[in-house]
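Structure, as C-alpha coordinates:
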Amino acid sequence: MNHTRFDALIIGSGAAGLYTALRLTDLAPNWRIGLVTKDDLSISASDWAQGGIAAVTDKNDTPQFHGRDTLLAGVGLCEADAVDVLVNAAPRQIQNLIALGVDFDRDQDGNLALTLEAAHSKRRVLHSADTTGRALVSKLADAVLQSDQIQVLSQTLVLDLCMEQGRCQGVFYLDRQQEIGCFVSPVVVLATGGGAQVFSQNTNPHSSTGDGVAIAWRAGAIVRDLEFVQFHPTALAVANAPRFLISEAVRGEGAYLIDHQGDRFVFQYHDKGELAPRDVVSRAIFTHLQKTKEPTVFLDLHPIPQERIAYRFPNIIKICQQWQIDIFSTPIPVTPAAHYCMGGIVVDSHGATSIEGLYAVGETASTGVHGANRLASNSLLECFVFGERLAEKVCSQHNQIVENPTATYPELPQSHNLETIQNIKSAIQNLSWQAAGICRVEADLENAIAQITAWQDDLKQLAETSRLWIETRNLADYAYLLVRSALFRTESRGAHYRADFPDTDPNWQFHTVIRGEEIGRSANKLY
Ligand SMILES: Cc1cc2nc3c(=O)[nH]c(=O)nc-3n(C[C@H](O)[C@H](O)[C@H](O)COP(=O)(O)OP(=O)(O)OC[C@H]3O[C@@H](n4cnc5c(N)ncnc54)[C@H](O)[C@@H]3O)c2cc1C
(Lines give C-alpha, C1' and ligand atoms only; values in the text may rest on other atoms or scores of the structure.)
Protein backbone atom coordinates (compact mmCIF):
# COMPACT_ATOMS: atom_id res chain seq x y z
CA MET A 1 0.00 0.00 0.00
CA ASN A 2 1.20 3.48 -0.88
CA HIS A 3 2.12 5.60 2.21
CA THR A 4 2.48 9.37 1.74
CA ARG A 5 3.54 11.48 4.72
CA PHE A 6 2.45 14.98 5.76
CA ASP A 7 3.04 17.14 8.81
CA ALA A 8 -0.70 17.84 8.89
CA LEU A 9 -3.54 16.40 6.91
CA ILE A 10 -6.82 18.21 6.42
CA ILE A 11 -9.86 16.40 5.07
CA GLY A 12 -12.34 18.76 3.41
CA SER A 13 -12.11 21.90 1.32
CA GLY A 14 -15.00 23.95 2.68
CA ALA A 15 -14.46 27.13 4.68
CA ALA A 16 -13.18 25.15 7.68
CA GLY A 17 -10.63 23.05 5.80
CA LEU A 18 -9.32 25.83 3.55
CA TYR A 19 -8.95 28.34 6.36
CA THR A 20 -7.30 25.89 8.76
CA ALA A 21 -4.78 24.94 6.05
CA LEU A 22 -3.97 28.60 5.40
CA ARG A 23 -3.54 29.39 9.08
CA LEU A 24 -1.18 26.43 9.40
CA THR A 25 1.00 27.81 6.61
CA ASP A 26 1.27 31.12 8.50
CA LEU A 27 2.15 29.47 11.79
CA ALA A 28 4.32 26.56 10.61
CA PRO A 29 6.18 27.71 7.50
CA ASN A 30 8.15 24.44 7.27
CA TRP A 31 5.20 22.09 7.39
CA ARG A 32 3.98 20.09 4.44
CA ILE A 33 0.20 20.06 4.51
CA GLY A 34 -2.10 17.70 2.61
CA LEU A 35 -5.60 18.99 1.80
CA VAL A 36 -7.82 16.10 0.74
CA THR A 37 -11.20 16.62 -0.88
CA LYS A 38 -13.59 14.22 -2.55
CA ASP A 39 -14.57 16.65 -5.32
CA ASP A 40 -12.56 19.74 -6.18
CA LEU A 41 -12.03 22.91 -4.20
CA SER A 42 -15.19 24.60 -5.43
CA ILE A 43 -17.74 22.05 -4.19
CA SER A 44 -18.91 22.41 -0.58
CA ALA A 45 -21.77 23.70 1.53
CA SER A 46 -19.53 26.68 2.28
CA ASP A 47 -19.55 27.61 -1.39
CA TRP A 48 -23.37 27.52 -1.33
CA ALA A 49 -23.79 29.78 1.72
CA GLN A 50 -26.04 32.67 0.87
CA GLY A 51 -27.13 34.86 3.77
CA GLY A 52 -23.81 35.76 5.32
CA ILE A 53 -21.61 35.62 8.36
CA ALA A 54 -22.49 36.95 11.82
CA ALA A 55 -20.05 39.24 13.65
CA VAL A 56 -20.23 42.41 15.69
CA THR A 57 -19.00 45.28 13.55
CA ASP A 58 -21.52 47.98 14.48
CA LYS A 59 -21.02 50.38 17.39
CA ASN A 60 -24.58 49.75 18.63
CA ASP A 61 -23.91 46.05 18.94
CA THR A 62 -21.66 44.14 21.36
CA PRO A 63 -20.24 40.59 21.62
CA GLN A 64 -22.42 40.23 24.74
CA PHE A 65 -25.57 40.78 22.64
CA HIS A 66 -24.29 38.35 20.02
CA GLY A 67 -23.50 35.82 22.76
CA ARG A 68 -26.90 36.23 24.38
CA ASP A 69 -28.72 35.64 21.07
CA THR A 70 -26.57 32.54 20.43
CA LEU A 71 -27.33 31.12 23.89
CA LEU A 72 -31.06 31.80 23.55
CA ALA A 73 -31.18 30.05 20.16
CA GLY A 74 -29.32 27.04 21.65
CA VAL A 75 -32.03 26.51 24.34
CA GLY A 76 -29.76 25.64 27.26
CA LEU A 77 -27.33 23.36 25.41
CA CYS A 78 -24.68 25.82 24.20
CA GLU A 79 -21.41 25.75 26.06
CA ALA A 80 -20.96 29.27 27.38
CA ASP A 81 -17.16 29.25 27.13
CA ALA A 82 -17.26 28.20 23.47
CA VAL A 83 -19.86 30.88 22.69
CA ASP A 84 -17.66 33.45 24.41
CA VAL A 85 -14.72 32.42 22.23
CA LEU A 86 -16.89 32.60 19.10
CA VAL A 87 -18.42 36.03 19.56
CA ASN A 88 -15.28 37.73 20.88
CA ALA A 89 -13.04 36.40 18.10
CA ALA A 90 -15.58 37.22 15.36
CA PRO A 91 -14.61 40.85 14.57
CA ARG A 92 -10.92 39.90 14.17
CA GLN A 93 -11.78 37.07 11.80
CA ILE A 94 -13.75 39.51 9.64
CA GLN A 95 -10.64 41.71 9.44
CA ASN A 96 -8.58 38.62 8.44
CA LEU A 97 -11.07 37.79 5.69
CA ILE A 98 -11.07 41.35 4.38
CA ALA A 99 -7.25 41.22 4.36
CA LEU A 100 -7.51 38.04 2.25
CA GLY A 101 -9.51 40.06 -0.26
CA VAL A 102 -13.09 39.05 0.61
CA ASP A 103 -15.43 41.70 -0.69
CA PHE A 104 -18.32 42.18 1.73
CA ASP A 105 -21.14 44.51 0.68
CA ARG A 106 -20.90 48.08 1.96
CA ASP A 107 -23.45 50.84 2.50
CA GLN A 108 -23.36 54.26 0.79
CA ASP A 109 -20.89 55.55 3.40
CA GLY A 110 -18.51 52.65 2.82
CA ASN A 111 -19.34 50.90 6.11
CA LEU A 112 -19.91 47.15 6.11
CA ALA A 113 -23.56 46.54 5.18
CA LEU A 114 -25.45 44.49 7.76
CA THR A 115 -28.66 42.52 7.53
CA LEU A 116 -30.99 41.01 10.11
CA GLU A 117 -31.68 37.30 10.41
CA ALA A 118 -34.07 35.40 12.64
CA ALA A 119 -33.33 35.40 16.38
CA HIS A 120 -30.62 38.08 16.06
CA SER A 121 -31.46 41.11 18.21
CA LYS A 122 -29.31 43.37 15.98
CA ARG A 123 -28.43 43.71 12.34
CA ARG A 124 -25.04 41.97 12.37
CA VAL A 125 -24.91 39.65 9.35
CA LEU A 126 -22.27 40.63 6.75
CA HIS A 127 -22.89 39.49 3.22
CA SER A 128 -21.77 39.54 -0.38
CA ALA A 129 -25.08 39.80 -2.23
CA ASP A 130 -26.66 36.34 -1.86
CA THR A 131 -23.47 34.44 -2.69
CA THR A 132 -21.46 35.11 0.46
CA GLY A 133 -20.10 31.56 0.52
CA ARG A 134 -18.69 31.84 -2.97
CA ALA A 135 -17.09 35.20 -2.15
CA LEU A 136 -15.32 33.58 0.80
CA VAL A 137 -14.42 30.19 -0.69
CA SER A 138 -13.07 31.59 -3.94
CA LYS A 139 -10.57 33.82 -2.08
CA LEU A 140 -9.56 31.05 0.31
CA ALA A 141 -9.16 28.55 -2.55
CA ASP A 142 -7.02 31.02 -4.52
CA ALA A 143 -4.73 31.48 -1.53
CA VAL A 144 -4.49 27.72 -0.97
CA LEU A 145 -3.60 27.10 -4.62
CA GLN A 146 -0.88 29.73 -4.40
CA SER A 147 0.72 28.14 -1.35
CA ASP A 148 3.62 25.81 -2.09
CA GLN A 149 3.25 24.29 1.36
CA ILE A 150 -0.21 22.86 0.65
CA GLN A 151 -0.67 19.86 -1.62
CA VAL A 152 -4.29 19.68 -2.80
CA LEU A 153 -5.45 16.09 -3.28
CA SER A 154 -8.79 16.38 -5.07
CA GLN A 155 -11.16 13.60 -6.21
CA THR A 156 -9.78 11.68 -3.26
CA LEU A 157 -12.21 10.16 -0.81
CA VAL A 158 -11.24 9.33 2.74
CA LEU A 159 -12.59 5.93 3.75
CA ASP A 160 -11.52 5.52 7.36
CA LEU A 161 -8.94 6.55 9.90
CA CYS A 162 -5.73 4.63 10.21
CA MET A 163 -5.50 3.78 13.92
CA GLU A 164 -2.52 2.27 15.73
CA GLN A 165 -2.71 1.55 19.47
CA GLY A 166 -5.68 3.85 19.93
CA ARG A 167 -4.00 6.77 18.17
CA CYS A 168 -4.87 8.27 14.79
CA GLN A 169 -1.83 7.96 12.48
CA GLY A 170 -3.44 8.96 9.20
CA VAL A 171 -6.28 8.02 6.86
CA PHE A 172 -7.08 5.39 4.25
CA TYR A 173 -8.33 6.88 1.00
CA LEU A 174 -9.64 5.92 -2.41
CA ASP A 175 -8.07 8.01 -5.17
CA ARG A 176 -9.37 8.96 -8.62
CA GLN A 177 -7.81 5.78 -10.08
CA GLN A 178 -9.84 3.74 -7.58
CA GLU A 179 -6.66 2.80 -5.71
CA ILE A 180 -6.65 2.57 -1.91
CA GLY A 181 -3.71 4.20 -0.15
CA CYS A 182 -2.70 5.66 3.20
CA PHE A 183 -1.77 9.24 4.07
CA VAL A 184 0.30 9.27 7.25
CA SER A 185 0.33 12.26 9.59
CA PRO A 186 0.54 13.03 13.32
CA VAL A 187 -2.20 15.66 12.83
CA VAL A 188 -5.42 14.63 11.06
CA VAL A 189 -8.16 17.24 10.83
CA LEU A 190 -11.68 16.25 9.80
CA ALA A 191 -13.33 19.27 8.12
CA THR A 192 -15.85 17.19 6.20
CA GLY A 193 -19.01 19.27 6.74
CA GLY A 194 -22.48 18.12 7.70
CA GLY A 195 -24.76 15.18 7.02
CA ALA A 196 -28.04 16.72 5.84
CA GLN A 197 -28.01 14.41 2.79
CA VAL A 198 -29.31 11.78 5.19
CA PHE A 199 -32.73 13.35 4.54
CA SER A 200 -34.51 13.13 1.19
CA GLN A 201 -35.50 16.80 1.57
CA ASN A 202 -32.36 18.88 2.11
CA THR A 203 -30.66 22.05 0.93
CA ASN A 204 -27.11 20.66 0.92
CA PRO A 205 -24.67 19.67 -1.83
CA HIS A 206 -24.45 15.94 -2.68
CA SER A 207 -21.18 15.71 -0.74
CA SER A 208 -22.76 16.41 2.69
CA THR A 209 -23.05 12.74 3.61
CA GLY A 210 -21.87 12.91 7.23
CA ASP A 211 -18.56 11.21 6.41
CA GLY A 212 -16.57 12.81 9.25
CA VAL A 213 -18.98 11.79 11.99
CA ALA A 214 -19.31 8.26 10.60
CA ILE A 215 -15.54 7.84 10.17
CA ALA A 216 -14.74 9.19 13.64
CA TRP A 217 -17.50 7.14 15.31
CA ARG A 218 -16.31 3.92 13.66
CA ALA A 219 -12.82 4.66 15.07
CA GLY A 220 -14.23 5.09 18.60
CA ALA A 221 -14.49 8.90 18.90
CA ILE A 222 -17.24 10.50 20.99
CA VAL A 223 -20.04 12.13 19.01
CA ARG A 224 -22.95 14.08 20.41
CA ASP A 225 -26.26 15.90 19.89
CA LEU A 226 -26.92 14.35 16.49
CA GLU A 227 -30.69 14.63 16.97
CA PHE A 228 -30.42 18.39 16.54
CA VAL A 229 -30.87 19.13 12.85
CA GLN A 230 -31.97 22.54 11.70
CA PHE A 231 -34.79 22.37 9.18
CA HIS A 232 -34.75 25.50 7.08
CA PRO A 233 -38.27 26.82 6.55
CA THR A 234 -37.88 28.04 3.00
CA ALA A 235 -36.49 25.70 0.35
CA LEU A 236 -37.72 26.06 -3.20
CA ALA A 237 -40.62 23.61 -3.69
CA VAL A 238 -41.02 22.96 -7.39
CA ALA A 239 -41.52 19.45 -8.79
CA ASN A 240 -38.19 17.92 -9.93
CA ALA A 241 -36.16 20.93 -8.73
CA PRO A 242 -33.50 20.47 -6.03
CA ARG A 243 -34.50 22.00 -2.69
CA PHE A 244 -32.58 25.21 -3.41
CA LEU A 245 -32.34 27.43 -0.34
CA ILE A 246 -34.26 30.70 -0.31
CA SER A 247 -32.15 32.55 2.24
CA GLU A 248 -33.54 33.77 5.53
CA ALA A 249 -32.18 37.17 4.55
CA VAL A 250 -35.16 37.42 2.21
CA ARG A 251 -37.46 37.42 5.25
CA GLY A 252 -34.93 39.63 7.07
CA GLU A 253 -35.38 42.20 4.30
CA GLY A 254 -39.16 42.08 4.77
CA ALA A 255 -40.69 39.22 2.71
CA TYR A 256 -43.85 37.54 4.08
CA LEU A 257 -44.77 33.89 4.30
CA ILE A 258 -48.30 33.35 3.04
CA ASP A 259 -50.50 30.31 2.51
CA HIS A 260 -52.53 29.39 -0.58
CA GLN A 261 -55.20 31.91 0.48
CA GLY A 262 -52.69 34.73 0.92
CA ASP A 263 -52.83 34.68 4.78
CA ARG A 264 -49.69 35.50 6.81
CA PHE A 265 -50.28 32.34 8.81
CA VAL A 266 -47.03 32.21 10.87
CA PHE A 267 -48.47 34.75 13.35
CA GLN A 268 -51.02 32.06 14.31
CA TYR A 269 -48.04 30.06 15.63
CA HIS A 270 -45.60 32.68 16.99
CA ASP A 271 -45.82 36.39 17.73
CA LYS A 272 -42.55 37.10 15.87
CA GLY A 273 -44.11 35.73 12.67
CA GLU A 274 -41.61 35.11 9.88
CA LEU A 275 -38.66 36.13 12.06
CA ALA A 276 -39.32 33.59 14.81
CA PRO A 277 -36.51 31.04 15.22
CA ARG A 278 -36.10 28.66 12.27
CA ASP A 279 -37.42 25.58 14.07
CA VAL A 280 -40.58 27.47 15.02
CA VAL A 281 -41.20 28.70 11.47
CA SER A 282 -40.45 25.24 10.00
CA ARG A 283 -42.91 23.57 12.38
CA ALA A 284 -45.49 26.27 11.70
CA ILE A 285 -45.25 25.55 7.97
CA PHE A 286 -45.30 21.78 8.54
CA THR A 287 -48.41 22.00 10.78
CA HIS A 288 -50.14 24.47 8.48
CA LEU A 289 -49.57 22.28 5.43
CA GLN A 290 -51.00 19.30 7.29
CA LYS A 291 -54.05 21.38 8.28
CA THR A 292 -54.66 22.86 4.86
CA LYS A 293 -53.65 19.71 2.91
CA GLU A 294 -51.71 21.97 0.53
CA PRO A 295 -48.27 20.98 -0.84
CA THR A 296 -46.47 24.31 -0.26
CA VAL A 297 -46.66 27.75 1.26
CA PHE A 298 -45.27 30.85 -0.47
CA LEU A 299 -42.69 33.54 0.13
CA ASP A 300 -44.02 36.88 -1.04
CA LEU A 301 -41.30 39.48 -1.76
CA HIS A 302 -43.61 42.37 -2.62
CA PRO A 303 -42.85 44.29 0.64
CA ILE A 304 -39.20 44.64 -0.52
CA PRO A 305 -38.51 47.43 -3.03
CA GLN A 306 -37.72 45.95 -6.46
CA GLU A 307 -34.29 47.58 -6.77
CA ARG A 308 -33.39 46.16 -3.33
CA ILE A 309 -34.42 42.65 -4.46
CA ALA A 310 -32.26 43.01 -7.56
CA TYR A 311 -29.26 44.23 -5.53
CA ARG A 312 -29.50 41.73 -2.66
CA PHE A 313 -30.69 38.51 -4.30
CA PRO A 314 -29.29 38.14 -7.83
CA ASN A 315 -28.64 34.42 -7.47
CA ILE A 316 -32.10 33.64 -6.07
CA ILE A 317 -33.60 35.61 -8.98
CA LYS A 318 -31.50 33.57 -11.42
CA ILE A 319 -32.30 30.15 -9.96
CA CYS A 320 -36.03 30.90 -9.65
CA GLN A 321 -36.07 32.08 -13.26
CA GLN A 322 -34.71 28.67 -14.27
CA TRP A 323 -37.93 27.24 -12.80
CA GLN A 324 -40.15 29.87 -14.47
CA ILE A 325 -40.70 31.92 -11.30
CA ASP A 326 -40.36 35.69 -11.57
CA ILE A 327 -39.83 36.62 -7.92
CA PHE A 328 -40.66 40.31 -8.58
CA SER A 329 -44.25 39.39 -9.42
CA THR A 330 -44.86 35.85 -8.15
CA PRO A 331 -44.61 34.45 -4.61
CA ILE A 332 -42.05 31.60 -4.43
CA PRO A 333 -43.43 28.15 -3.47
CA VAL A 334 -41.45 26.89 -0.44
CA THR A 335 -41.34 24.04 2.09
CA PRO A 336 -38.97 23.18 4.93
CA ALA A 337 -35.90 21.01 4.28
CA ALA A 338 -32.99 19.69 6.37
CA HIS A 339 -30.26 22.30 6.35
CA TYR A 340 -27.67 22.20 9.13
CA CYS A 341 -26.43 19.61 11.63
CA MET A 342 -25.79 21.09 15.07
CA GLY A 343 -24.23 17.94 16.56
CA GLY A 344 -21.00 16.27 15.56
CA ILE A 345 -17.67 14.97 16.76
CA VAL A 346 -16.99 16.26 20.28
CA VAL A 347 -14.03 18.64 20.33
CA ASP A 348 -12.44 20.91 22.91
CA SER A 349 -12.11 24.61 22.17
CA HIS A 350 -8.99 23.90 20.07
CA GLY A 351 -10.56 21.21 17.92
CA ALA A 352 -9.06 18.16 19.69
CA THR A 353 -11.33 15.10 19.63
CA SER A 354 -11.33 12.23 22.12
CA ILE A 355 -8.81 10.37 19.90
CA GLU A 356 -5.15 11.37 20.09
CA GLY A 357 -3.94 12.88 16.81
CA LEU A 358 -7.49 13.51 15.52
CA TYR A 359 -9.01 16.98 15.27
CA ALA A 360 -12.28 18.29 13.84
CA VAL A 361 -13.53 21.70 12.73
CA GLY A 362 -16.58 23.21 11.02
CA GLU A 363 -19.96 21.56 10.70
CA THR A 364 -18.66 18.06 11.46
CA ALA A 365 -17.42 19.17 14.89
CA SER A 366 -19.41 19.80 18.03
CA THR A 367 -17.70 22.75 19.72
CA GLY A 368 -20.79 23.55 21.78
CA VAL A 369 -21.58 26.87 20.11
CA HIS A 370 -24.88 25.79 18.54
CA GLY A 371 -26.57 23.85 21.35
CA ALA A 372 -30.03 22.64 20.35
CA ASN A 373 -30.36 25.15 17.52
CA ARG A 374 -27.90 27.26 15.55
CA LEU A 375 -28.22 31.01 15.44
CA ALA A 376 -28.32 31.88 11.74
CA SER A 377 -24.94 32.75 10.17
CA ASN A 378 -22.92 31.54 13.14
CA SER A 379 -21.75 28.47 11.24
CA LEU A 380 -19.42 30.09 8.72
CA LEU A 381 -18.04 32.13 11.59
CA GLU A 382 -17.39 28.95 13.58
CA CYS A 383 -15.22 27.59 10.73
CA PHE A 384 -12.89 30.60 10.92
CA VAL A 385 -12.73 31.12 14.68
CA PHE A 386 -12.14 27.46 15.52
CA GLY A 387 -10.03 26.77 12.43
CA GLU A 388 -7.54 29.37 13.62
CA ARG A 389 -7.53 28.06 17.20
CA LEU A 390 -6.95 24.53 15.93
CA ALA A 391 -4.01 25.67 13.83
CA GLU A 392 -2.51 27.57 16.78
CA LYS A 393 -2.84 24.55 19.04
CA VAL A 394 -1.29 21.94 16.75
CA CYS A 395 1.58 24.22 15.82
CA SER A 396 2.45 25.01 19.42
CA GLN A 397 2.51 21.45 20.72
CA HIS A 398 4.94 18.62 20.26
CA ASN A 399 3.36 16.34 17.66
CA GLN A 400 4.65 12.82 18.09
CA ILE A 401 6.36 11.58 14.93
CA VAL A 402 4.39 8.65 13.60
CA GLU A 403 5.90 5.63 11.92
CA ASN A 404 4.38 4.14 8.79
CA PRO A 405 1.38 2.26 10.15
CA THR A 406 1.33 -1.51 10.01
CA ALA A 407 -2.46 -1.53 9.60
CA THR A 408 -3.80 -2.13 6.10
CA TYR A 409 -7.23 -1.69 4.57
CA PRO A 410 -9.21 -4.76 3.60
CA GLU A 411 -9.25 -5.49 -0.15
CA LEU A 412 -12.46 -4.18 -1.73
CA PRO A 413 -13.87 -5.62 -4.96
CA GLN A 414 -14.46 -3.48 -8.06
CA SER A 415 -17.79 -1.73 -8.24
CA HIS A 416 -20.60 -4.08 -9.33
CA ASN A 417 -23.61 -3.31 -7.12
CA LEU A 418 -24.41 0.29 -7.93
CA GLU A 419 -28.15 -0.13 -8.49
CA THR A 420 -28.75 -2.03 -5.23
CA ILE A 421 -26.64 0.47 -3.29
CA GLN A 422 -28.46 3.44 -4.88
CA ASN A 423 -31.79 1.91 -3.81
CA ILE A 424 -30.56 1.57 -0.23
CA LYS A 425 -29.29 5.15 -0.28
CA SER A 426 -32.66 6.53 -1.42
CA ALA A 427 -34.48 4.35 1.11
CA ILE A 428 -32.29 5.68 3.96
CA GLN A 429 -32.99 9.25 2.88
CA ASN A 430 -36.75 8.70 2.64
CA LEU A 431 -36.97 6.85 5.93
CA SER A 432 -34.91 9.46 7.79
CA TRP A 433 -37.19 12.20 6.48
CA GLN A 434 -40.36 10.35 7.45
CA ALA A 435 -39.22 9.09 10.87
CA ALA A 436 -36.73 11.71 12.03
CA GLY A 437 -37.75 14.81 10.09
CA ILE A 438 -39.52 17.84 11.53
CA CYS A 439 -41.88 15.86 13.77
CA ARG A 440 -40.77 12.64 15.50
CA VAL A 441 -42.53 9.91 17.56
CA GLU A 442 -41.25 6.86 19.39
CA ALA A 443 -42.79 4.10 17.25
CA ASP A 444 -41.47 5.56 13.98
CA LEU A 445 -38.00 6.01 15.44
CA GLU A 446 -37.89 2.47 16.80
CA ASN A 447 -38.96 1.00 13.46
CA ALA A 448 -36.42 3.17 11.67
CA ILE A 449 -33.55 1.91 13.85
CA ALA A 450 -34.44 -1.71 13.07
CA GLN A 451 -34.54 -0.98 9.35
CA ILE A 452 -31.34 1.07 9.30
CA THR A 453 -29.46 -1.64 11.22
CA ALA A 454 -30.53 -4.15 8.56
CA TRP A 455 -29.23 -1.81 5.83
CA GLN A 456 -25.93 -1.38 7.68
CA ASP A 457 -25.55 -5.18 7.55
CA ASP A 458 -26.51 -5.31 3.87
CA LEU A 459 -23.94 -2.63 3.09
CA LYS A 460 -21.17 -4.66 4.75
CA GLN A 461 -21.93 -7.44 2.27
CA LEU A 462 -22.03 -4.99 -0.64
CA ALA A 463 -18.60 -3.43 0.05
CA GLU A 464 -16.88 -2.24 -3.14
CA THR A 465 -14.54 0.50 -4.39
CA SER A 466 -17.23 2.97 -5.39
CA ARG A 467 -17.91 6.43 -4.03
CA LEU A 468 -21.58 5.46 -3.86
CA TRP A 469 -20.84 2.58 -1.51
CA ILE A 470 -18.53 4.67 0.69
CA GLU A 471 -21.04 7.52 1.05
CA THR A 472 -24.04 5.22 1.50
CA ARG A 473 -22.25 3.35 4.28
CA ASN A 474 -21.55 6.71 5.95
CA LEU A 475 -25.16 7.81 5.50
CA ALA A 476 -26.39 4.56 7.06
CA ASP A 477 -24.10 5.06 10.08
CA TYR A 478 -25.10 8.71 10.34
CA ALA A 479 -28.81 7.84 10.13
CA TYR A 480 -28.34 5.20 12.82
CA LEU A 481 -26.67 7.67 15.20
CA LEU A 482 -29.19 10.42 14.48
CA VAL A 483 -32.26 8.23 14.93
CA ARG A 484 -30.89 6.64 18.11
CA SER A 485 -30.24 10.10 19.55
CA ALA A 486 -33.73 11.30 18.55
CA LEU A 487 -35.30 8.27 20.25
CA PHE A 488 -33.15 8.70 23.35
CA ARG A 489 -34.16 12.34 23.93
CA THR A 490 -37.68 12.14 25.38
CA GLU A 491 -38.43 15.86 25.24
CA SER A 492 -38.64 18.61 22.63
CA ARG A 493 -35.87 21.20 22.57
CA GLY A 494 -34.66 23.60 19.89
CA ALA A 495 -34.75 21.87 16.53
CA HIS A 496 -35.64 18.44 18.00
CA TYR A 497 -39.42 18.04 18.17
CA ARG A 498 -41.08 14.94 19.61
CA ALA A 499 -44.86 14.97 19.12
CA ASP A 500 -45.10 12.43 21.99
CA PHE A 501 -42.99 14.67 24.29
CA PRO A 502 -43.87 18.17 23.06
CA ASP A 503 -42.48 20.11 26.06
CA THR A 504 -38.94 21.09 26.96
CA ASP A 505 -37.97 19.21 30.12
CA PRO A 506 -35.47 20.93 32.47
CA ASN A 507 -34.28 17.45 33.52
CA TRP A 508 -33.08 16.96 29.97
CA GLN A 509 -30.65 19.86 29.85
CA PHE A 510 -27.89 17.50 28.79
CA HIS A 511 -26.02 16.55 25.66
CA THR A 512 -26.76 13.20 24.03
CA VAL A 513 -23.43 11.44 23.79
CA ILE A 514 -22.53 8.31 21.83
CA ARG A 515 -19.34 6.28 21.87
CA GLY A 516 -19.48 2.96 20.02
CA GLU A 517 -22.84 1.41 20.89
CA GLU A 518 -23.12 3.24 24.22
CA ILE A 519 -25.50 6.18 24.42
CA GLY A 520 -25.79 8.48 27.43
CA ARG A 521 -26.28 11.99 28.74
CA SER A 522 -23.54 14.40 29.58
CA ALA A 523 -23.62 17.80 31.22
CA ASN A 524 -20.33 18.61 29.64
CA LYS A 525 -17.54 17.20 27.53
CA LEU A 526 -16.63 13.66 28.49
CA TYR A 527 -12.87 13.91 28.58
C1 LIG B 1 -27.50 26.29 0.86
C2 LIG B 1 -26.77 26.64 2.11
C3 LIG B 1 -26.73 27.96 2.55
C4 LIG B 1 -26.06 28.27 3.75
N5 LIG B 1 -25.98 29.59 4.13
C6 LIG B 1 -25.25 29.91 5.22
C7 LIG B 1 -25.04 31.27 5.59
O8 LIG B 1 -25.51 32.18 4.92
N9 LIG B 1 -24.30 31.54 6.70
C10 LIG B 1 -23.76 30.54 7.47
O11 LIG B 1 -23.09 30.84 8.47
N12 LIG B 1 -23.92 29.25 7.14
C13 LIG B 1 -24.64 28.91 6.03
N14 LIG B 1 -24.78 27.59 5.70
C15 LIG B 1 -24.09 26.58 6.50
C16 LIG B 1 -22.60 26.64 6.18
O17 LIG B 1 -22.43 26.81 4.80
C18 LIG B 1 -21.90 25.38 6.61
O19 LIG B 1 -22.21 25.05 7.92
C20 LIG B 1 -20.39 25.56 6.55
O21 LIG B 1 -20.05 26.11 5.32
C22 LIG B 1 -19.70 24.25 6.75
O23 LIG B 1 -18.38 24.39 6.34
P24 LIG B 1 -17.39 23.15 6.45
O25 LIG B 1 -16.10 23.62 5.93
O26 LIG B 1 -17.47 22.59 7.80
O27 LIG B 1 -18.05 22.05 5.47
P28 LIG B 1 -18.33 22.09 3.90
O29 LIG B 1 -18.31 23.45 3.39
O30 LIG B 1 -19.52 21.26 3.68
O31 LIG B 1 -17.08 21.32 3.29
C32 LIG B 1 -16.88 19.94 3.51
C33 LIG B 1 -15.75 19.46 2.62
O34 LIG B 1 -15.37 18.14 3.00
C35 LIG B 1 -15.23 17.34 1.84
N36 LIG B 1 -15.43 15.95 2.25
C37 LIG B 1 -16.48 15.45 2.93
N38 LIG B 1 -16.30 14.14 3.17
C39 LIG B 1 -15.11 13.80 2.62
C40 LIG B 1 -14.37 12.59 2.54
N41 LIG B 1 -14.83 11.44 3.03
N42 LIG B 1 -13.19 12.61 1.90
C43 LIG B 1 -12.70 13.75 1.34
N44 LIG B 1 -13.36 14.94 1.41
C45 LIG B 1 -14.55 14.96 2.04
C46 LIG B 1 -16.29 17.88 0.91
O47 LIG B 1 -16.03 17.51 -0.42
C48 LIG B 1 -16.13 19.38 1.15
O49 LIG B 1 -15.03 19.86 0.43
C50 LIG B 1 -25.45 27.25 4.52
C51 LIG B 1 -25.50 25.93 4.08
C52 LIG B 1 -26.14 25.62 2.89
C53 LIG B 1 -26.17 24.19 2.44
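The values are calculated or read from the model by the stated rules, or taken from the named source; none is laboratory data. Since the model is a prediction, treat every value here as computed from it, not as a measurement. Every residue, glycine as well, gets a Cβ built from its backbone with ideal geometry; the counts of neighbours run over all protein chains shown. For accessibility, only protein heavy atoms count, side chains too; no ligands or nucleic acids. Shrake-Rupley method; radii C 1.70, N 1.55, O 1.52, S 1.80 Å.
A few remarks follow.
- Over the stretch 54-186 - Rg/Rh using Cα atoms and the Kirkwood inverse-distance radius: 1.10
- In the context of the full set of protein chains, the chain has a per residue accessible area of 38 Å² (1.4 Å probe).
- Translational diffusion of the stretch 394-473, µm² s⁻¹ [Kirkwood Rh, Cα pairs; Stokes-Einstein; 37 °C; 0.692 mPa s]: 212
- Taking one quarter of the surface of the convex hull spanned by the alpha-carbon atoms of the stretch 325-412 gives a direction-averaged projected area of 10.9 nm².
- Grouping the Cα pair distances of the chain into 10 Å bins from zero gives a pair-distance distribution of 4, 20, 31, 28, 14, 3, 0 percent in increasing distance order.
- Using C-alpha pairs under 8 Å with a sequence gap of at least 6, the mean separation divided by the residue count of the chain gives a relative contact order of 21 percent.
- Global geometry of the stretch 426-470, whether rounded, prolate or oblate, following the gyration tensor of its Cα atoms and the 1.5 cut on a/c: oblate
- Whether the stretch 403-527 is rounded, prolate or oblate, judged on the alpha carbon gyration tensor where a/c under 1.5 counts as rounded: oblate
- Low-density loop cleavage sites - trypsin sites (Lys or Arg not before Pro) in the stretch 1-81, where at most 10 other Cβ are within 10 Å (DSSP): K59
- Summary of the geometry: the stretch 214-229 and the stretch 338-402, compared by the centres of their Cα atoms, lie 13 Å apart.
- Rounded, prolate or oblate (a/c below 1.5 giving rounded, otherwise prolate when a/b exceeds b/c) for the stretch 128-241 by Cα gyration tensor: oblate
- Per-q log10 I(q)/I(0), the stretch 1-89, q = 0.12, 0.13, 0.22, 0.23 Å⁻¹ (Debye; single scatterer per alpha-carbon; no solvent): -0.59, -0.67, -1.08, -1.09
- Of the accessible area of the chain, computed with a 1.4 Å probe over protein heavy atoms only, carbon and sulfur atoms account for 49 percent.
- Cα centroid of the stretch 261-286 to Cα centroid of the stretch 20-39, whole Å: 44
- The simple spin-label model puts a point 7 Å past each Cα toward its Cβ; for N447 and E491 those points are separated by 2.8 nm.
- Relative contact order for the stretch 419-527: 26 percent, from Cα pairs under 8 Å spaced at least 6 residues apart, divided by residue count.
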